[in-house]
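Since the structure comes first, as structure tokens, the remarks are kept for the end.
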């Protein structure tokens, strides 16, 4: 760089020296100034013309003009910039090719949509899952190719969830989960995952549980009947009375587990339905439930504090809502000490949803166990659960009832300070007065 500027400055000094020498020698200062300056300006214009022509032809290295001084330096700078650009483009091209190869190899159908929900990129798996081909469908709106109302709601952001299940338009035997993720400049990444095998396993498990439960109920009923007869028989030795009573208790517990399993199986088959249910007078139903618990299960060992919005009615399946209330109240009685208070609250939450809350002053639940409480057969304290007659299915039943009604279960608990279970239903299930 310094050499180039030195050459250029030398030329300017030479022009000035020529002007002085010619002017002093001839006395014609105008000609002395114009002649050397004109030669320098003309040479500069020739350099500019060659530089402009080189730029116009694409600034290719082999067409670079012969130049020196500052113009040679400018050509070198442009050449270095071009070289860096070529290297950067090469790296970006390699990265793009590796990214496309990686995404294309994914087993899940993957689609990139622009702001207008038009397909910008799609991998090969999308053809098998959704019937979308890269060469044919690029630039098309996805919801024009796959005409499903849930997909339109998902793409337009009107869906409450970021994913939904659907049957494959290519193969009706396949079940897909479509997920939408926002990224980049208001783009969307749509993935479709085949969950047919999982669905098949779930159906098989449900069928097995339902069939096994039905098959076990008959022999269990016979066994329970014989045990009841033995309990009432005065001729049985006293030493066997306790064993027979214990066997009868275990048979009753097994019957309760089978009943709960059948209930769960039926709830899972139903699934979410916005239109299910009839108008329920929830305040009256809750008060009757509390009275029944006070007489039959609590029997004076617990105090019930009731706070009910008398005007709040609900559209729900009566038998399922009854089961939900029973499970929540039963858990509160079982897992709180005698003499403690149980709170029952039915009112509109801050979010505008009708919610049933049941709180107790029991031993509470550790934070690491709270998220697993609705799992089947999960028990924090197995021996305590068996002692009080728990099946480990009550909260799972509550969860499925709420999901079928579009609601959710919220659990608050602290060790040594009790628990609060809140079952919230969507606001569209409120019955207008």
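Of all residue pairs spaced 6 or more apart or on separate chains, none has beta-carbon atoms under 8 Å together with a first member in the stretch 208-221 that is within 13 Å of residue 252 (Cα to Cα) and a second member that is at pLDDT below 80 and loosely packed, with under 11 Cβ neighbours inside 10 Å. Of the residues making up the stretch 335-351, those that are outside any strand (DSSP E or B) and either closer than 11 Å to residue 421 by Cβ or over 29 Å from the mean Cα position of the chain (by Cα) (or both) are 335, 336, 337, 338, 339, 340. Residue count for the stretch 352-372 under the criterion of being outside any strand (DSSP E or B) and either over 32 Å from the mean Cα position of the chain (by Cα) or at pLDDT 90 or above (or both): the result is 4. Scan the stretch 324-333 and tell me whether some residue there is in contact with a strand residue (DSSP E or B) (Cβ under 7 Å, 6 or more places away or on another chain), modelled with pLDDT of 90 or more, farther than 19 Å from residue 412 by Cβ and crowded, with 18+ Cβ neighbours inside 10 Å. No: zero hits.
Looking for whichever is closer than 25 Å to residue 406 by Cα and either in the same structural domain as residue 317 (by TED's automatic domain parsing) or modelled with pLDDT of 85 or more (or both) here; the options are 276, 223, 291. Which one fits?
Numbers: 223 fails: closer than 25 Å to residue 406 by Cα; 291 fails: closer than 25 Å to residue 406 by Cα.
Of 276, 223, 291, the one residue that is closer than 25 Å to residue 406 by Cα and either in the same structural domain as residue 317 (by TED's automatic domain parsing) or modelled with pLDDT of 85 or more (or both) is 276.
Test residue 235 against the stated conditions and say whether it is at pLDDT below 80 and exposed (fewer than 15 other Cβ atoms within 10 Å of the Cβ). It is true that residue 235 is at pLDDT below 80 and exposed (fewer than 15 other Cβ atoms within 10 Å of the Cβ). Listed by first and then second residue, the pairs with beta-carbon distance under 8 Å, at least 6 apart or on different chains, first residue in the stretch 112-139 and free of Cβ contacts under 8 Å to residues at least 60 places away in the same chain and in the same structural domain as residue 170 (by TED's automatic domain parsing), second surrounded by fewer than 14 Cβ atoms within 10 Å (Cβ to Cβ) and in a helix (DSSP H, G or I), are 121/100. Only strands (runs of 3 or more DSSP E) whose full extent lies in the stretch 161-211 are considered here, and none of them has at least 3 residues that are in the same structural domain as residue 255 (by TED's automatic domain parsing), more than 18 Å from the chain's Cα centre (by Cα) and crowded, with 17+ Cβ neighbours inside 10 Å. Of the candidates 24, 57, 45, the single residue that is more than 30 Å from residue 134 (Cα to Cα), in contact with a helix residue (DSSP H, G or I) (Cβ under 7 Å, 6 or more places away or on another chain) and exposed (fewer than 12 other Cβ atoms within 10 Å of the Cβ) is 57. The condition of being at pLDDT 85 or above, out of contact with any helix residue (DSSP H, G or I) (no Cβ under 9 Å at 6 or more places or on another chain) and under 19 Å from residue 404 (Cα atoms) holds for only one of 349, 319, 305, 341, that being 319.
For residue 139, the stated conditions do not hold, so it cannot be described as modelled with pLDDT under 85, in contact with a strand residue (DSSP E or B) (Cβ under 9 Å, 6 or more places away or on another chain) and either buried (at least 17 other Cβ atoms within 10 Å of the Cβ) or not in a helix (DSSP H, G or I) (or both).
Could you say which residue among 116, 97 is over 24 Å from the mean Cα position of the chain (by Cα) and over 20 Å from residue 168 (Cα atoms)? Just one listed residue meets the conditions, 97.
Within the stretch 266-280, work out how many residues are touching a strand residue (DSSP E or B) at 6+ places or on another chain (Cβ under 9 Å) and either more than 19 Å from residue 430 (Cβ to Cβ) or surrounded by 12 or more Cβ atoms within 10 Å (Cβ to Cβ) (or both). The qualifying residues number 4.
The values are calculated or read from the model by the stated rules, or taken from the named source; none is laboratory data. Note that this is a predicted model, so its numbers are computed, not measured. Reconstructed Cβ throughout: ideal geometry from the backbone, glycine too, with neighbour counts over all protein chains shown.
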